[in-house]
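Undergrad: Got a structure for you, written out below as C-alpha coordinates; questions coming shortly.
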Amino acid sequence: YLTKPFTFAGTMMQRNFASFSTGVRGTTAMYLDLIGVKKQNQDLKTQLAELNAKLGTMTELKLENERLGQLLGFKQTSKMNLLAARVIARDLMPDHNTITVHRGLNHGVQKNMAALTIGGVIGYTFRVENDSSQILLITDSYAVIDAIVQRSRARGLVEGIRKGNCRLKYLKRSDDIQVGDLVVTSGLFNMFPKGFPIGTVTSIDKSRYGMSQEVEIKPAVEAMNLEEIFLVLNANHQDLTPGGGED
(Lines give C-alpha, C1' and ligand atoms only; values in the text may rest on other atoms or scores of the structure.)
Protein backbone atom coordinates (compact mmCIF):
# COMPACT_ATOMS: atom_id res chain seq x y z
CA TYR A 1 0.00 0.00 0.00
CA LEU A 2 2.88 2.38 0.70
CA THR A 3 3.99 2.27 -2.95
CA LYS A 4 0.56 3.13 -4.38
CA PRO A 5 1.00 6.90 -4.04
CA PHE A 6 4.32 6.71 -5.85
CA THR A 7 2.84 4.45 -8.49
CA PHE A 8 -0.10 6.82 -8.89
CA ALA A 9 2.24 9.81 -9.09
CA GLY A 10 4.39 8.05 -11.67
CA THR A 11 1.38 7.16 -13.72
CA MET A 12 0.15 10.75 -13.61
CA MET A 13 3.57 12.03 -14.68
CA GLN A 14 3.63 9.56 -17.56
CA ARG A 15 0.16 10.61 -18.60
CA ASN A 16 1.07 14.29 -18.32
CA PHE A 17 4.25 13.73 -20.30
CA ALA A 18 2.38 11.76 -22.93
CA SER A 19 -0.24 14.49 -23.11
CA PHE A 20 2.47 17.16 -23.33
CA SER A 21 4.32 15.18 -25.98
CA THR A 22 1.11 14.75 -27.96
CA GLY A 23 0.42 18.47 -27.63
CA VAL A 24 3.91 19.33 -28.83
CA ARG A 25 3.54 17.00 -31.79
CA GLY A 26 0.12 18.49 -32.53
CA THR A 27 1.46 22.05 -32.29
CA THR A 28 4.44 21.16 -34.48
CA ALA A 29 2.14 19.55 -37.05
CA MET A 30 -0.14 22.61 -36.97
CA TYR A 31 2.86 24.91 -37.41
CA LEU A 32 4.09 22.85 -40.35
CA ASP A 33 0.59 22.90 -41.82
CA LEU A 34 0.50 26.70 -41.46
CA ILE A 35 3.85 26.97 -43.21
CA GLY A 36 2.52 24.76 -45.97
CA VAL A 37 -0.66 26.85 -46.27
CA LYS A 38 1.38 30.06 -46.34
CA LYS A 39 3.63 28.67 -49.09
CA GLN A 40 0.58 27.47 -50.99
CA ASN A 41 -0.99 30.93 -50.69
CA GLN A 42 2.23 32.50 -51.92
CA ASP A 43 2.32 30.11 -54.87
CA LEU A 44 -1.30 30.93 -55.66
CA LYS A 45 -0.57 34.67 -55.48
CA THR A 46 2.36 34.20 -57.86
CA GLN A 47 0.21 32.21 -60.27
CA LEU A 48 -2.56 34.83 -60.03
CA ALA A 49 -0.06 37.62 -60.78
CA GLU A 50 1.23 35.68 -63.78
CA LEU A 51 -2.32 35.08 -65.03
CA ASN A 52 -3.20 38.76 -64.57
CA ALA A 53 -0.09 39.76 -66.51
CA LYS A 54 -1.01 37.36 -69.33
CA LEU A 55 -4.60 38.64 -69.27
CA GLY A 56 -3.35 42.23 -69.44
CA THR A 57 -1.14 41.38 -72.40
CA MET A 58 -3.97 39.58 -74.18
CA THR A 59 -6.34 42.49 -73.52
CA GLU A 60 -3.77 44.95 -74.86
CA LEU A 61 -3.28 42.82 -77.98
CA LYS A 62 -7.04 42.60 -78.45
CA LEU A 63 -7.44 46.38 -78.18
CA GLU A 64 -4.49 46.94 -80.53
CA ASN A 65 -5.96 44.53 -83.07
CA GLU A 66 -9.29 46.34 -82.87
CA ARG A 67 -7.61 49.72 -83.38
CA LEU A 68 -5.51 48.48 -86.27
CA GLY A 69 -8.52 46.78 -87.81
CA GLN A 70 -10.48 50.04 -87.72
CA LEU A 71 -7.55 51.94 -89.21
CA LEU A 72 -7.09 49.35 -91.95
CA GLY A 73 -10.79 49.50 -92.79
CA PHE A 74 -10.66 53.29 -92.93
CA LYS A 75 -7.60 53.22 -95.18
CA GLN A 76 -9.12 50.68 -97.55
CA THR A 77 -12.34 52.65 -97.99
CA SER A 78 -10.71 56.07 -98.25
CA LYS A 79 -9.73 57.71 -101.52
CA MET A 80 -6.83 59.38 -99.77
CA ASN A 81 -3.30 58.05 -100.04
CA LEU A 82 -2.70 57.39 -96.36
CA LEU A 83 0.55 56.49 -94.65
CA ALA A 84 0.12 54.79 -91.28
CA ALA A 85 2.41 56.09 -88.54
CA ARG A 86 2.99 55.07 -84.93
CA VAL A 87 3.29 57.71 -82.21
CA ILE A 88 6.71 57.39 -80.56
CA ALA A 89 6.89 60.58 -78.46
CA ARG A 90 4.79 63.39 -77.00
CA ASP A 91 5.83 66.92 -76.15
CA LEU A 92 5.75 67.48 -72.38
CA MET A 93 6.13 71.27 -72.60
CA PRO A 94 2.96 73.02 -71.35
CA ASP A 95 3.09 75.71 -74.05
CA HIS A 96 3.32 73.29 -76.98
CA ASN A 97 1.22 70.40 -78.23
CA THR A 98 3.19 68.12 -80.52
CA ILE A 99 3.68 64.42 -81.12
CA THR A 100 6.40 62.52 -82.99
CA VAL A 101 5.76 59.58 -85.32
CA HIS A 102 8.07 56.96 -86.79
CA ARG A 103 7.73 58.08 -90.43
CA GLY A 104 9.89 60.64 -92.21
CA LEU A 105 11.61 61.62 -95.43
CA ASN A 106 12.53 58.02 -96.16
CA HIS A 107 8.82 57.17 -96.22
CA GLY A 108 7.71 60.04 -98.44
CA VAL A 109 6.71 62.45 -95.67
CA GLN A 110 7.15 66.17 -96.28
CA LYS A 111 6.59 69.32 -94.27
CA ASN A 112 2.97 70.56 -93.95
CA MET A 113 1.35 67.20 -94.60
CA ALA A 114 -1.99 66.60 -92.90
CA ALA A 115 -2.15 64.27 -89.91
CA LEU A 116 -5.49 62.70 -89.06
CA THR A 117 -7.27 59.62 -87.85
CA ILE A 118 -10.70 58.08 -88.29
CA GLY A 119 -12.38 60.68 -86.08
CA GLY A 120 -10.91 63.83 -87.55
CA VAL A 121 -7.96 66.20 -87.95
CA ILE A 122 -4.97 65.97 -85.62
CA GLY A 123 -2.55 68.53 -87.03
CA TYR A 124 0.20 68.70 -89.62
CA THR A 125 3.89 67.92 -89.96
CA PHE A 126 6.26 70.82 -89.30
CA ARG A 127 9.62 69.15 -88.71
CA VAL A 128 10.56 66.13 -90.83
CA GLU A 129 13.69 64.01 -90.49
CA ASN A 130 14.77 60.85 -92.26
CA ASP A 131 12.87 58.37 -90.09
CA SER A 132 10.61 60.51 -87.93
CA SER A 133 8.33 63.53 -88.11
CA GLN A 134 7.08 65.99 -85.54
CA ILE A 135 3.43 66.95 -85.81
CA LEU A 136 2.03 70.27 -84.66
CA LEU A 137 -1.36 69.49 -83.13
CA ILE A 138 -4.35 71.74 -83.87
CA THR A 139 -4.47 72.64 -80.16
CA ASP A 140 -0.99 74.20 -80.28
CA SER A 141 -1.07 78.00 -80.16
CA TYR A 142 1.05 78.16 -83.34
CA ALA A 143 -1.25 75.88 -85.38
CA VAL A 144 -3.50 77.51 -88.01
CA ILE A 145 -5.99 75.73 -90.30
CA ASP A 146 -8.42 77.25 -92.78
CA ALA A 147 -11.91 75.96 -91.95
CA ILE A 148 -15.60 76.29 -92.64
CA VAL A 149 -18.76 75.69 -90.63
CA GLN A 150 -20.30 72.67 -92.31
CA ARG A 151 -23.92 73.76 -91.90
CA SER A 152 -23.73 77.43 -92.88
CA ARG A 153 -20.43 77.45 -94.87
CA ALA A 154 -19.13 80.36 -92.79
CA ARG A 155 -15.34 80.56 -93.13
CA GLY A 156 -12.61 81.31 -90.62
CA LEU A 157 -9.25 80.22 -89.27
CA VAL A 158 -8.90 77.59 -86.55
CA GLU A 159 -6.13 78.38 -84.08
CA GLY A 160 -5.01 76.40 -81.06
CA ILE A 161 -5.38 77.72 -77.52
CA ARG A 162 -3.62 76.59 -74.39
CA LYS A 163 -6.64 74.97 -72.75
CA GLY A 164 -6.40 72.06 -75.18
CA ASN A 165 -9.15 73.46 -77.37
CA CYS A 166 -9.26 75.55 -80.54
CA ARG A 167 -10.78 78.86 -81.58
CA LEU A 168 -12.42 79.75 -84.89
CA LYS A 169 -11.42 83.35 -85.63
CA TYR A 170 -12.04 86.07 -88.22
CA LEU A 171 -15.72 85.29 -88.63
CA LYS A 172 -18.00 88.14 -89.59
CA ARG A 173 -20.50 89.19 -86.97
CA SER A 174 -23.33 88.31 -89.35
CA ASP A 175 -22.05 84.76 -90.01
CA ASP A 176 -24.52 82.06 -89.05
CA ILE A 177 -22.98 79.81 -86.43
CA GLN A 178 -24.49 77.89 -83.53
CA VAL A 179 -23.28 75.81 -80.59
CA GLY A 180 -23.05 72.22 -81.77
CA ASP A 181 -22.08 73.10 -85.35
CA LEU A 182 -19.39 70.92 -86.91
CA VAL A 183 -16.32 72.76 -88.19
CA VAL A 184 -14.47 71.06 -91.06
CA THR A 185 -11.43 71.67 -93.24
CA SER A 186 -11.90 74.02 -96.20
CA GLY A 187 -9.40 72.28 -98.48
CA LEU A 188 -7.47 75.47 -99.20
CA PHE A 189 -3.68 75.53 -99.43
CA ASN A 190 -3.58 71.84 -100.46
CA MET A 191 -2.85 70.71 -96.92
CA PHE A 192 -6.02 68.95 -95.77
CA PRO A 193 -8.68 67.11 -97.74
CA LYS A 194 -11.80 69.25 -97.94
CA GLY A 195 -14.61 68.52 -95.48
CA PHE A 196 -12.72 66.56 -92.82
CA PRO A 197 -13.89 67.13 -89.18
CA ILE A 198 -11.90 69.52 -87.01
CA GLY A 199 -14.21 69.93 -84.04
CA THR A 200 -17.55 71.01 -82.63
CA VAL A 201 -18.56 74.52 -81.56
CA THR A 202 -18.87 74.77 -77.77
CA SER A 203 -19.23 78.53 -77.20
CA ILE A 204 -19.75 81.77 -79.15
CA ASP A 205 -18.64 85.24 -78.10
CA LYS A 206 -20.06 88.24 -79.95
CA SER A 207 -18.64 91.46 -78.59
CA ARG A 208 -21.28 94.14 -78.28
CA TYR A 209 -19.60 96.64 -80.59
CA GLY A 210 -17.15 94.44 -82.48
CA MET A 211 -17.31 93.47 -86.14
CA SER A 212 -16.51 89.81 -85.59
CA GLN A 213 -17.22 86.90 -83.29
CA GLU A 214 -14.94 84.36 -81.64
CA VAL A 215 -15.95 80.74 -81.47
CA GLU A 216 -14.44 78.07 -79.24
CA ILE A 217 -14.18 74.54 -80.60
CA LYS A 218 -13.69 71.18 -78.96
CA PRO A 219 -11.42 69.06 -81.22
CA ALA A 220 -12.97 65.99 -82.79
CA VAL A 221 -9.98 63.91 -81.67
CA GLU A 222 -8.02 63.86 -78.41
CA ALA A 223 -4.64 63.63 -80.10
CA MET A 224 -2.55 63.13 -76.97
CA ASN A 225 -4.22 59.76 -76.39
CA LEU A 226 -3.52 58.37 -79.86
CA GLU A 227 -1.08 55.56 -80.59
CA GLU A 228 -1.45 55.31 -84.38
CA ILE A 229 -2.35 57.98 -86.93
CA PHE A 230 -2.37 58.61 -90.69
CA LEU A 231 -0.38 61.09 -92.74
CA VAL A 232 -2.10 62.22 -95.94
CA LEU A 233 0.21 62.08 -98.95
CA ASN A 234 -2.26 63.43 -101.53
CA ALA A 235 -4.56 65.88 -99.72
CA ASN A 236 -4.51 68.34 -102.63
CA HIS A 237 -6.50 65.91 -104.79
CA GLN A 238 -9.28 65.07 -102.35
CA ASP A 239 -12.70 66.51 -101.59
CA LEU A 240 -14.61 64.86 -98.74
CA THR A 241 -17.66 67.12 -98.85
CA PRO A 242 -20.97 65.53 -99.95
CA GLY A 243 -20.91 65.15 -103.71
CA GLY A 244 -17.25 66.14 -103.88
CA GLY A 245 -14.64 64.32 -105.92
CA GLU A 246 -11.14 64.59 -107.17
CA ASP A 247 -10.09 67.91 -108.63
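Undergrad: Would you grab the residues whose amide H sits under 5 Å from the one on residue 141? Only those 5+ places off in sequence or on another chain, please, with H modelled 1.01 Å from N.
TA: Here 97 satisfy the definition.
Undergrad: Can you give the net charge of the other residues whose Cβ lies under 13 Å from the Cβ of residue 170, counting K and R as +1 and D and E as -1? Intermediate results must be reported in sequence, preceding the final value.
TA: Numbers: positive: 155, 167, 169, 172, 173; negative: 146, 159, 175, 214.
Summing Lys/Arg as +1 and Asp/Glu as -1 gives +1.
Undergrad: Same structure, new question: Quick check: net charge around residue 93, other residues with Cβ under 15 Å of its Cβ, Lys/Arg +1 and Asp/Glu -1?
TA: That works out to 0.
Undergrad: Show me, for the stretch 167-181, the HN-Hα J-couplings you get by feeding each phi into the Karplus relation (A = 6.51, B = -1.76, C = 1.60, θ = phi - 60°), rounded to Hz, glycine and proline as x.
TA: Listing the rounded values in order: 9, 8, 10, 6, 7, 6, 4, 7, 5, 7, 8, 9, 4, x, 5 Hz.
Undergrad: Measure up 111/194; 79/194; 163/206; 169/206; 172/218; 111/172 against 22 Å on the Cα-Cα distance and list the ones that go over. List each step's numbers first, then the result.
TA: Values: 111/194 19 Å; 79/194 12 Å; 163/206 20 Å; 169/206 11 Å; 172/218 20 Å; 111/172 31 Å.
Table pairs above 22 Å Cα-Cα are 111/172.
Undergrad: Let me cross-check residue 175: its accessible surface, 1.4 Å probe, with only protein heavy atoms counted, in Å² to the nearest 10?
TA: The accessible area of residue 175 comes to roughly 30 Å².
Undergrad: Spin-label point model (7 Å from Cα, Cβ direction): what's the residue 129 to residue 44 distance in nm?
TA: According to this spin-label approximation, the distance is 5.2 nm.
Undergrad: What net charge do the residues around residue 201 carry, taking every other residue with its C-beta under 12 Å from that of residue 201, with Lys and Arg at +1 and Asp and Glu at -1?
TA: Value of the local net charge: -3.
Undergrad: Next question. Under a no-solvent Debye model with one identical scatterer per Cα of the stretch 124-235, what's log10 I(q)/I(0) at q = 0.10, 0.17, 0.23 Å⁻¹?
TA: So the normalised log intensities work out to -0.30, -0.81, -1.36.
Undergrad: Next question. Under the Karplus relation 6.51 cos²θ - 1.76 cosθ + 1.60, θ = phi - 60°, what is the ordered set of whole-Hz ³J(HN,Hα) values for the stretch 123-130, x standing for Gly and Pro?
TA: So the Karplus estimates, Gly and Pro as x, are x, 8, 6, 10, 9, 10, 10, 4 Hz.
The values are calculated or read from the model by the stated rules, or taken from the named source; none is laboratory data. Since the model is a prediction, treat every value here as computed from it, not as a measurement. Quick reminder, even Gly has a Cβ in these numbers, built from the backbone with ideal geometry, and neighbours come from all protein chains shown. Just the protein is used for accessible areas: all its heavy atoms, side chains included, with ligands, DNA and RNA removed. Shrake-Rupley method; radii C 1.70, N 1.55, O 1.52, S 1.80 Å.
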